[in-house]
Amino acid sequence: MSALDSAKQWAREIKRDVVALWLAARDPRVPWYAKATAGAVAAYALSPIDLIPDFIPVIGYLDDLLIVPLGIMLAVRLVPADLMQEFRQVAARREKPGSKGGLAFIIAIWALAALALAWLFWRRPA
């Protein structure tokens, strides 16, 4: 198997695991801490916008190449192995869902950051 084939296989597995985590976040058999982690990771990974936009040199791709895979690995470890296997099987047959919650979360972070910057720059010195 070539390096390109390995990379494609890894990308397919990541996509499948994101959908599996999305399913895990909604399943009552999953512990609350695993649900919270799985839900946050899936919402961020499925969000149509990034926390750090890709047009920012180097760090723009940092979340895609490092943060998302590490979050997925953590969440997968928190979900019980037998349930994760079940979610992976279901995820392999499903389409990737969209994440309106993830979109709202990222927009809220950017809005709060903009408000904080506005407050810092426009407050009057005492």
Looking at 57, 78, 118, which one has the Cα that reaches farthest to the positive end of the dipole of the chain (charges on Cβ: Lys, Arg +1; Asp, Glu -1)?
118
Between residue 36 and residue 112, what is the spin-label point distance in nm, taking each point 7 Å from the Cα along the Cα→C-beta axis?
1.5 nm
Relative contact order for the chain, counting Cα pairs under 8 Å that sit 6 or more residues apart, in percent
34 percent
Specify the longest stretch of the chain that does not include any exposed loop site, a site being one of the trypsin sites (Lys or Arg not before Pro) with a non-H, G, I, E, B DSSP assignment and at most 15 other Cβ atoms within 10 Å.
30-92
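Let me spell out the model: positive unit charges on the Cβ of Lys and Arg, negative unit charges on the Cβ of Asp and Glu, origin at the Cα centre of the chain. What dipole size does that give, in debye rounded to 20? Write out the running numbers ahead of the final one.
Details: 15 positive and 11 negative charges, 69 e Å.
Charge dipole of the chain: 340 debye, to the nearest 20.
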Among 116, 92, 38, residue whose mean-square fluctuation peaks in a GNM of the chain (springs only between Cα atoms under 10 Å)
116
Between helix 3-24 and the chain, what is the angle of the helix's C-alpha long axis to the longest principal axis, kept within 0 to 90° and rounded to the nearest 10?
80 degrees
Rank 65, 115, 21 by mean-square fluctuation in a GNM of the chain with C-alpha springs under 10 angstrom and give only the top-ranked residue.
115
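Net charge around residue 30, counting only other residues with Cβ within less than 15 Å of its Cβ (Lys, Arg = +1; Asp, Glu = -1)? Before the final figure, lay out the partial values.
Working: positive: 26, 29, 35, 77, 88; negative: 17, 27, 82, 86.
Local charge sum for residue 30: +1.
Since every read-out is calculated from the coordinates, none of them should be taken as a lab result. None of the values given here were measured: they were computed from a predicted structure. Cβ atoms come from the backbone with ideal geometry, glycine included; neighbour counts cover every protein chain shown.
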